[in-house]
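Everything on this sheet refers to the single structure shown next.
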Amino acid sequence: MSDPQSKRDPSAPVRALVLSGGGGRGAYEAGVARACAERNFHFDWVIGTSIGALNAALVAQNDMDLLLEMWRKIRTSDVYKLPDPGRLRRVIFGQQLGFLDNSPLENLLRQCVSLEKLKAAATRVGFVSTDLCNLQTRIFTSDEIDTQDELIDILMASSAIPLFFPPRQLKGEGCWMDGGLVRNTPIQAAIQLGATEIYAVLVEPNQVDTCPTSIMQVVSRVMEIVFDHSARSGIAHVNQHNRMVELGGLFTNGNGNGNYCLIDDKEQLNGTAVVPPNSKEDLITKSAFEFVDLSKKKGLETKRVSLFIVTPARQNVGSLLEIDPVISSWLLTLGYDDIVRKCVAVA
C-alpha cells in the first residue's frame, strides 16, 4: 500500500492493520487487505503473527496481486510435508523439534518476500514471535532486520506452530516459535509501535460441540483456545490503555461509537474499543501504569487508542492446518465482501 508519509496529514492517527494467526483461514485476511487497498485506505503499520505475519509481509511490500495469486494456488503440500519414519524417529529421540517438515513454506517465502521491498515501502511492518527459552515475545520490525535470510528466519519462527513445526534460532540464539502462543492478535504490539487507530482482523472457527478424534485435532483445538484467549487479552489491553490515558489527564474527547469498522477519515474515528458481548471491564493493573510511565519517560505523548474489529460475517472459515485453493478463494471473497458491505470508503 504505497501511501507516502509526506502526503499524510501529520495530525492524522497512526493507523495499524493487525493480522492474527489462523492457518488456512489467513486467506480471509488477504481479502480484507485487498478491499482496503482498492479503496485507498492505507496503513502506517501492518503487524502480524503466524500466517498473519506472512500476509503482513506481502501487504507491506505492496505485492497485493502476488498475495492473492498465492492464496488462490497454494495447497497444504506447498506449506508442509507429512513426516517420514526417519523424521518421526528424530522427533522421538529429541533430535528434531517438530513432526512436520515445513521446508516447502520456506521455499515459498524465498520466492515471495523481499527485505529490500519492505525497507523501501511507505507502510512499515512488524512480525511477532515467542522464544520458548525465556518466554519472551518480541516484535521484529523491518527496520531492525539486516538480511534476507534473517527475514525468512523470523517469518518461519513466527509461523512455527508448537509440536507441528520446528522452532528457529534468531541470530544464533533462542527457540523462537509461533507468536500466537502469547499474542495471536498482536494488538498490544501495535500500541507499543505507536498506533492510535487499530483494525484487527480476527478469524475465528465455528462453535463446535464434538470431541476431537485425532492428535491433529487435539493440538488444533488447543491452539484455538490459546488464540481465543490472546484476542480477548488484546482487547482488554486497549481498555486498560485508554483508562490509563483518561486517568493521566491525557484524554480529551471521549465521544465515540465503537462501530464494527469505519473506512474513512472523519470524526467518528474517535471511537472506543470494541468489546466482546457480555465481557466485564478489566481492573487497572500495575503493568498498565508501567506502560504509561514508560511512555512519559521516552517523551512520547500517550493517546487514546481506537480499536475496530473485523470478523467474518459467517463463521465457517476453514481449517487451521489444511489449505485448499477452492476454500481459500471463497475466503478471499468473503473478506473482501465483508469490508465492502460494512465499511465506508474514502471519498
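What pairs in K119/K342; K73/K117; K117/K171 have C-alpha atoms more than 25 Å from each other?
Listed pairs above 25 Å: K119/K342.
Residue by residue through segment 105-117, which ³J(HN,Hα) values in whole Hz follow from phi under the Karplus form 6.51 cos²θ - 1.76 cosθ + 1.60 (θ = phi - 60°), with glycine and proline marked x?
5, 4, 4, 5, 5, 5, 7, 9, 9, 9, 5, 4, 5
Assuming R0 = 22 Å, what is the FRET efficiency of L88 and L108, from their Cβ-Cβ distance, to the nearest 0.05?
0.35
Probe radius 1.4 Å, ligands and nucleic acids ignored: give me the carbon and sulfur share of the accessible area of segment 74-197 as a rounded percent.
Of the solvent-accessible surface of segment 74-197, carbon and sulfur hold 51 percent.
Could you give the length gained on full extension between T147 and S319, defined as 0.36 nm per residue of separation minus the Cα-Cα distance, in nm?
Full extension from T147 to S319 adds 58.6 nm.
Quote to one decimal, in nm, the extra length available between T76 and E38 on full extension: 0.36 nm per residue of separation minus the C-alpha distance between them.
10.8 nm
Below 8 Å between Cα atoms, with a sequence gap of 6+, how large is the relative contact order for segment 117-195 in percent?
31
Only loop residues by DSSP count here, and only those with at most 12 other Cβ atoms within 10 Å; note down the chymotrypsin sites (Phe, Trp or Tyr not before Pro) in segment 43-128 that meet that.
Here the chymotrypsin sites (Phe, Trp or Tyr not before Pro) that fit, given the DSSP loop and packing criteria, are F93.
Whose amide H sits under 5 Å from the amide H of G126, counting only residues 5 or more places off or on another chain, with H placed in the peptide plane?
Under 5 Å from the amide H of G126 lie the amide H atoms of V46, I47, G48, each far enough along the sequence or on another chain.
The values are calculated or read from the model by the stated rules, or taken from the named source; none is laboratory data. Predicted model, so just to flag it, every value in this text is computed and none were measured. All Cβ positions, glycine included, derive from the backbone under ideal geometry; neighbour counts span all protein chains shown. The protein model used for the area step is the full one, side chains on, heavy atoms only, and it has no ligands, DNA or RNA in it. Shrake-Rupley method; radii C 1.70, N 1.55, O 1.52, S 1.80 Å.
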